[in-house]
Amino acid sequence: MPVFWTPRFKRDWKKLPSLKSEKTKRAVILLEENRMHPSLRLKRLHRLPGYWELRVTDNWRIILTIERDAYTFVTIGAHNIVDKG
């Protein structure tokens, strides 16, 4: 499935340290290969209907939407990113 980035995600991506950037790239590759890969811990966000959380590291997440034919990355950041909106 294709991956699209929102303008907010692009801004957040540019701010990533290089190590986080590399780990994020690996997580995206895993998502494209098998969205149910256990290390991604992909789950619905009950507090934000229609949004999902993808685990990059223990404390780093991508918030995304999943449509039938595409992933849209909304933002990326520390685990508490959902609380920040």
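Each reported figure results from applying straightforward, stated rules to the coordinates on display, with no laboratory input. In this text, all values refer to a predicted model and were calculated from it rather than measured experimentally. As a convention, Cβ positions derive from the backbone with ideal geometry for all residues, glycine included, and neighbour counts pool all protein chains shown.
Dividing the summed helix terms, -39500 (n - 2.57) for each DSSP H run of n ≥ 4, by the number of residues in the chain produces a 222 nm estimate of -9500 deg cm²/dmol to the nearest 500. Label zone (V3, point 7 Å along Cα-to-C-beta; backbone nitrogen cut-off 12 Å) within region 15-47: 21-35. Among the trypsin sites (Lys or Arg not before Pro) in region 17-85, those placed in a DSSP loop whose Cβ has at most 13 other Cβ atoms within 10 Å are R41, R47, R68. Distance between the pseudo-spin-label points of T65 and R41 (7 Å out from Cα toward the beta carbon): 2.5 nm.
Taking each residue as 0.36 nm, the span from D58 to K25 lengthens on full extension beyond its C-alpha to C-alpha distance by 10.3 nm. Annotation note: GluC sites (Glu not before Pro) in region 7-85 located in DSSP loop regions with a Cβ neighbour count of at most 15 within 10 Å are E67.
Translational diffusion coefficient of the chain (Stokes-Einstein, Kirkwood radius from Cα pairs, 25 °C, 0.890 mPa s): 192 µm²/s.
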